[in-house]
1. Please state, rounded to one decimal and in Å, the Kirkwood hydrodynamic radius that segment 19-72 gives when every pair of distinct Cα atoms enters the mean of 1/r.
2. Report the extension gain between Thr66 and Val41 in nm, rounded to one decimal, defined as 0.36 nm multiplied by the number of residues separating them, less their alpha carbon distance.
3. Sorted by packing (mean other beta-carbon atoms within 10 Å per residue), highest first, where do 34-43, 73-82 land?
4. Under 18 Å from a point placed 7 Å out from the Cα of Arg87 along the Cα-to-Cβ direction: which residues of segment 45-71 have their backbone N that close?
5. With each pseudo-label sitting 7 Å past Cα toward Cβ, what's the Ala73-Val54 distance in nm, one decimal?
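Read-outs throughout are calculated quantities, based only on the coordinates presented, and are distinct from any laboratory measurement. Because the structure is a prediction, the values reported are computed rather than measured. Here the Cβ positions follow ideal geometry from the backbone for every residue, glycine too, while neighbour counts run over all protein chains shown.
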Amino acid sequence: MALLLLSSEAPAFAQFLPPGSSALTVPPPPAPPPPKIEVPVVPKMGDLPRQNYVPQARPSFGDRITNCLQDGAAAGLGPNDRAAYSRSCANR
């Protein structure tokens, strides 16, 4: 009986306040909504627009030789190596 009387006289706490806060602390705002995920529309193979493929015109043989000679010189090739390189390069 004595235990019942002692336990009934103990103060009751309605809410636990963490250290460093007061009863006037405003609760934090609610979390923002999750981001909206949008999946892009992928076109089907039959829906693709038809395009005519026109290959680019190939440069002339003289232009290819000139470009290959310049590439060989930029790579540091000597005259004999540059000539062999430009012949094989231009014929590709």
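1. 20.0
2. My answer for the length gained is 4.2 nm.
3. Those peptides, ordered most packed to least, come out 73-82, 34-43.
4. Counting only backbone N, you get 61-71.
5. Rounded to a tenth, the inter-label distance reads 3.4 nm.
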